[in-house]
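S.K.: This structure is in structure tokens; I'll ask about it shortly.
Read-outs throughout are calculated quantities, based only on the coordinates presented, and are distinct from any laboratory measurement. Since we're looking at a predicted model, the values are computed, not measured. When we count neighbours, we look across all protein chains shown, and the Cβ atoms used for this are built from the backbone with ideal geometry, even at glycine.
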Amino acid sequence: MSSFLQKADRFILGPFYKQFMNTIVQETMDCDSLLDIGCGFNVAMKQLTSRMNHSVGLDVFQPSIDKAKVENTHHEFVLEDVKTYLEKMPDNSFDLVIALDLIEHLTREEGFWLISQMERLARKKIVIFTPNGFVPQTPYDNNPFQKHISGWEIPEMEERGYKIFGFGGYQKLRGERFQIKFKPRIFWKYLAFGSQLITHKAPKFAYSILCIKSK
């Protein structure tokens, strides 16, 4: 993509890109400490962590941790198996516990265990971001943990007390790794993001769901 198109893309789609993290920030204003499970490398996370006293990024993949350290996305980083780390942490260890694009990489049994651990460790808020239902994905970037194993539905998250927001626009326009399915892709990309105006408040039609629970 040319520099001109990149600038145009950021100008037109910027508000849609920012809406995701803005929603998390607005919903967690009362939180001052954070555990980011499967943190990966997400520069946008600095928007949330920069206003906190302490944040921990937990991941099992060394290259992701290395990149995140360069950008200082968190105050502290832990390279460790999620299960081992979570089980040794005491109840109510953090105000906010987040898992973005993680639970779909686990089996259903592992996913329910993760949710219960997040709810145990969080004093105030739990945030989970995942595709809306099962979306196939094969490993990439030499990271075997990128494979999708399970899918999660809105009704089951609502039953656990989560408020749901929709992201990524209309679900049927995207496929594996958030990629637009149709050509010309630039047209359908803009249409997909534009449809987020609707799917944000009508998440059953969205590609991804942001699930937030208050304790």
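S.K.: Based on alpha-carbon atoms only, what is the radius of gyration of the chain relative to the globular estimate 2.2 N^0.38 Å?
M.R.: Working it through for the chain, the quotient is 1.00.
S.K.: Could you give the size of the charge dipole of the chain about its Cα centre, using +1 on the Cβ of each K and R and -1 on the Cβ of each D and E, expressed in debye and rounded to the nearest 20?
M.R.: Computed about the Cα centre, the dipole is about 1020 debye.
S.K.: Using Cβ counts within 10 Å as a stand-in for footprinting exposure, how do THR49, THR84 rank, fewest first?
M.R.: With the fewest neighbours first, THR49, THR84 line up as THR84, THR49.
S.K.: If one computes P(r) from the Cα atoms of the stretch 1-124, what percent of pairs lie at distances over 27 Å?
M.R.: Distances greater than 27 Å cover 22 percent of the Cα pairs.
S.K.: Return one number: the angle in degrees, 0 to 90 and rounded to the nearest 10, between the long axis of the Cα atoms of helix 3-27 and the longest principal axis of the Cα atoms of the chain.
M.R.: So the helix axis and the longest Cα principal axis differ by about 40 degrees.
S.K.: Right, next: Check the straight Cα-Cα distances from LYS213 and name the lysines below 17 Å, setting aside those fewer than 8 residues away within the same chain.
M.R.: LYS124, LYS125, LYS163, LYS201
S.K.: Which aspartates and glutamates, on any chain, are close to LYS172 with Cα under 18 Å apart, when same-chain ones fewer than 8 places away are left out?
M.R.: Partners within reach: GLU153.
S.K.: Nearest 5 percent is fine: what portion of the DSSP beta bridges confined to the stretch 3-214 is antiparallel?
M.R.: If I count the DSSP bridges inside the stretch 3-214, around 45 percent turn out antiparallel.
S.K.: Tell me the angle of helix 108-121 to the major Cα principal axis of the chain, expressed in degrees between 0 and 90 and rounded to the nearest ten.
M.R.: 60 degrees
S.K.: Sorted from fewest to most neighbouring beta carbons within 10 Å, what does the list ASP36, ASP141 look like?
M.R.: ASP141, ASP36
S.K.: Can you give the angle from 0 to 90° between the axis of helix 62-71 and the longest principal axis of the chain, with both taken from C-alpha atoms, to the nearest 10?
M.R.: 80 degrees
S.K.: Return SER64, SER3 ranked ascending by Cβ neighbour count within 10 Å, so the fewest neighbours appear first.
M.R.: Listed from fewest to most nearby Cβ atoms, that is SER3, SER64.
S.K.: Moving on to the next point. Taking only pairs that are 8 or more places apart or on different chains, how many Lys pairs in the stretch 1-93 have Cα atoms under 16 angstrom apart?
M.R.: Number of lysine pairs found: 4.
S.K.: OK, next. So if we plug the beta-carbon distance of SER93 and PHE187 into 1/(1 + (r/R0)^6) with R0 = 30 Å, what FRET efficiency do we get, rounded to 0.05?
M.R.: After rounding, the FRET efficiency stands at 0.05.
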